[in-house]
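S.K.: Take a look at this one; I'll ask things after.
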Amino acid sequence: MNTNAKVFADTRNMSREEWLEQRKHGIGGSEASALMGQNPYSSPLRVYMDKIGKGEDKVTTEAMRQGTDLEAYVAERFTEETGMKVRKVNKILQHPEYPWMLANIDREVVGLNAGLECKTTSPFSKFKFDDGE
């Protein structure tokens with residue numbers, strides 16, 4: 001990936017608990033959307049409480065588990081549809097000028113300065129997308 005991002009942490013041998021601890025050192029994409037009031041699953045207060053170690057443990061729901069399990073499939077389908085190759089990053093990235101800005105990207109697009117965010121949804125959520133939301 002053609003980026004100036006620094007490697008904040010290598011996640012290859014990191015447990016989920018260690019990964020969550022590393023995330024406390026900055027603000028990631030999901031947290032940024034929560035801070036801006038754009039994340040229906042979080043809030044500015046929840047982000048703050050998480051950062052100071054007073055947040056509630058997040059329960060992994062079945063939908064969250066399926067989303068993680070289907071990441072590789074979504075990446076494969078992206079490659080099939082676009083012909084672009086992708087690869088796992090296995091790192092927490094950090095902005096070179098703003099060290100509090102962190103990124104955990106699902107995949108990087110080989111040869112481009114681009115990441116791929118692999119998301120899935122339930123057919124029951126179709127109504128949310130009917131008008132291009």
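S.K.: Could you check the spin-label model distance between residue 45 and residue 95? Points 7 Å from the Cα along Cα→Cβ, value in nm.
M.R.: In this crude label model, residue 45 to residue 95 measures out at 2.7 nm.
S.K.: Cβ under 13 Å from residue 10's Cβ, residue 10 left aside: what net charge do those residues give with Lys, Arg +1 and Asp, Glu -1? Could the numbers behind the result be given before it?
M.R.: Working: positive: 6, 12, 88, 91; negative: 18.
Counting the neighbours of residue 10, the net charge comes to +3.
S.K.: Then there's this: Please list the non-local residues whose amide H lies under 5 Å from the amide H of residue 11, H modeled 1.01 Å from N, same-chain partners needing a gap of 5 or more.
M.R.: Residues meeting the criterion, in which the H sits 1.01 Å from N, are 91, 92.
S.K.: Follow-up. Just the number please: accessible area per residue for the chain, 1.4 Å probe, all protein chains included, in Å².
M.R.: Working: 10010 Å² over 133 residues.
That works out to 75 Å² for each residue.
S.K.: Let me ask something else about it. Report, to the nearest whole %, how much of the accessible area of the chain belongs to carbon and sulfur atoms, 1.4 Å probe, protein only.
M.R.: With neighbouring chains kept in place, the figure for the chain is 53 percent.
S.K.: Can you classify the chain as rounded, prolate or oblate using the Cα gyration tensor, where a ≥ b ≥ c are the square roots of its eigenvalues, rounded means a/c under 1.5, and otherwise it's prolate if a/b beats b/c and oblate if not?
M.R.: oblate
S.K.: Let me ask you something else. Exactly which GluC sites (Glu not before Pro) in the stretch 27-131 are in a DSSP loop and have at most 13 other Cβ atoms within 10 Å?
M.R.: Answer in residue order: 56, 97, 117.
S.K.: Can you pull the one-decimal nm distance between simple spin-label points at residue 22 and residue 54, each 7 Å off the Cα toward Cβ?
M.R.: 2.7 nm
S.K.: If you don't mind, another one. Using helices alone, what [θ] at 222 nm do you get for the chain, with -39,500 (n - 2.57) per DSSP H run of 4 or more residues, divided over all residues and rounded to the nearest 500?
M.R.: Calculated mean residue ellipticity at 222 nm is -9000 deg cm²/dmol.
S.K.: Given +1 on the Cβ of Lys and Arg, -1 on the Cβ of Asp and Glu, and no further charges, what dipole in debye does the stretch 49-94 carry about its Cα centre, rounded to the nearest 20? Walk me through the intermediate numbers first.
M.R.: Numbers: 9 positive and 9 negative charges, 67 e Å.
Result for the stretch 49-94 is approximately 320 debye, rounded to the nearest 20.
S.K.: Could you identify which residue out of 68, 11, 121 has the top mean-square fluctuation in a GNM of the chain using Cα springs shorter than 10 Å?
M.R.: 121
S.K.: Mean Kyte-Doolittle of at least 1.6 and a Cα length of 18 Å or more along the axis: which whole DSSP H helices of the chain meet both?
M.R.: none
S.K.: Additional query: Return the long-range amide H neighbours of residue 27 (sequence gap of 5 or more, or a different chain), with a cut-off of under 5 Å between placed amide H atoms.
M.R.: 101, 102
S.K.: Add +1 for every Lys or Arg and -1 for every Asp or Glu among the other residues with Cβ under 12 Å from the Cβ of residue 44, and state the total.
M.R.: Every neighbour counted, the sum reads 0.
S.K.: Could you tell me which chymotrypsin sites (Phe, Trp or Tyr not before Pro) in the stretch 1-48 are loop residues by DSSP with no more than 11 other beta carbons within 10 angstrom of their beta carbon? Intermediate results must be reported in sequence, preceding the final value.
M.R.: Values: sites: 8, 19, 41, 48; in loops: 41.
In loop regions of the stretch 1-48 (DSSP not H, G, I, E or B), the sparsely surrounded chymotrypsin sites (Phe, Trp or Tyr not before Pro) are 41.
The values are calculated or read from the model by the stated rules, or taken from the named source; none is laboratory data. Computed from a predicted structure; not experimentally measured. No Cβ is skipped: glycine too gets one built from the backbone with ideal geometry, and neighbour counts run over all protein chains shown. We work out accessible area using only protein heavy atoms, side chains counted, and drop any ligands, DNA or RNA first. Shrake-Rupley method; radii C 1.70, N 1.55, O 1.52, S 1.80 Å.
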